[in-house]
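Take a look at the structure below.
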Amino acid sequence: MLKGMSDRKVFRAGILVLALCAALPAQERRGGAGFSWNNTIDFHGQGHGSSVLNDLGEQRLLGVSVSVDRGGRMVVTFRGEKGRPPLAFTGTLIASEGGRLKADVVSEDRRLHGPMYISVDDKRNVNSIRLEATDGRDRLRVNWDRK
């Protein structure tokens, strides 16, 4: 118990903190500002996959890096073919069971968002990633698998 506070006051203070966290702007909750690089767990993988925007041209994806900080904020970056810029997402880890992670992510331009499913192993390898992101009009699909 905190000095000078009853159990009831501590409980109310905890509820207030939760309410303030819920009131944070979406950017803060999705891993924008406040990401802590010195408290991260990093996963990596070499493989192949693709990203497709609106069923038009396909961008090939090769390597992937996933960083998750202790607060559950995450950054996912895919390396593309030579000359192509990386494809990056930020977000928040919302579920974890064994080697399966589920995150609510947003694209680097903050336009497309959706659930990302990530399979990892105990050696910090990424096995697969699936994402369906949208802004209500456009749709991005990402499928990536380890070699």
**Report entry** Matching residues, the range 95-147, being out of contact with any strand residue (DSSP E or B) (no Cβ under 7 Å at 6 or more places or on another chain) and closer than 25 Å to GLY71 by Cβ
**Finding:** SER96, GLU97, GLY98, ASP109, ARG110, ARG111, ASP122, LYS123
Report summary line: Counting only strands (runs of 3 or more DSSP E) wholly inside the range 84-123, the ones holding at least 2 residues that are among the polar types (S, T, N, Q) and over 19 Å from ARG139 (Cβ atoms) are 87-97
Query raised in the report: From the list ALA26, ALA33, which residue is surrounded by 12 or more Cβ atoms within 10 Å (Cβ to Cβ) and either at pLDDT 80 or above or not β-branched (Val, Ile, Thr) (or both)?
Result: ALA26
Requested in this report: State whether the residues of the range 55-63 include one that is crowded, with 16+ Cβ neighbours inside 10 Å, of a type in the set (Asp, Glu) and part of a strand (DSSP E or B).
Outcome: no
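The values are calculated or read from the model by the stated rules, or taken from the named source; none is laboratory data. All values derive from a computational prediction rather than experimental measurement. Methodologically, a virtual Cβ is constructed for each residue, glycine included, from the backbone with ideal geometry; neighbour enumeration extends over all protein chains shown.
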